[in-house]
């Protein structure tokens with residue numbers, strides 16, 4: 001049996017703070033690391049093969065924190081249900097009830113790094129982590 005330990009902390013300087021921690025047992029964890037170029041082309045990544053109710057945690061993080069790097073989460077169907085473009089200016093973290101905002105299984109991530117006119121080739125490394133129940 002695997003155990004996932006995660007911690008979250010947010011604090012306003014000189015103000016309030018929120019912290020949370022959890023250590024659920026998990027059946028599996030999948031991690032993908034994808035390099036994408038700022039050429040405007042989509043790159044699809046399979047995220048979660050099992051039913052959505054088995055998902056415990058989804059994290060998507062970009063090494064280049066900009067609104068030009070986006071992710072769309074899709075259910076991968078013939079006529080897919082999907083989220084809008086989510087800019088990866090900060091890590092995308094979904095756990096607990098927030099996972100119900102996702103469109104359904106099997107999940108796919110559609111990554112895009114918009115072409116910025118006049119900029120040199122830039123690559124972003126995207127880390128995707130999905131933890132699921134036993």
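A short reminder: the numbers here are calculations on the coordinates, not readings from a lab. Keep in mind that what you see is a predicted model, and the values were worked out from it rather than measured. Here the Cβ positions follow ideal geometry from the backbone for every residue, glycine too, while neighbour counts run over all protein chains shown.
At a glance:
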item	result
Computed label-point distance, nm, for sites residue 42 and residue 2 using a 7 Å Cα→Cβ extension	2.8
Tensor-based shape of region 27-132 (alpha-carbon gyration tensor, a/c under 1.5 rounded, otherwise prolate or oblate)	prolate
Förster radius 30 Å - calculated FRET efficiency between residue 9 and residue 50 (Cβ-Cβ, nearest 0.05)	0.50
Computed E for residue 63/residue 23 - FRET, C-beta separation, R0 41 angstrom, nearest 0.05	0.90
Rounded if a/c under 1.5, otherwise prolate or oblate - region 73-134, Cα gyration tensor axes	prolate
Top of 109, 97, 28 by mean-square fluctuation, Gaussian network on the chain, Cα under 10 Å	97
Computed lengthening from residue 122 to residue 77, 0.36 nm per intervening residue step minus Cα-Cα distance	13.1 nm
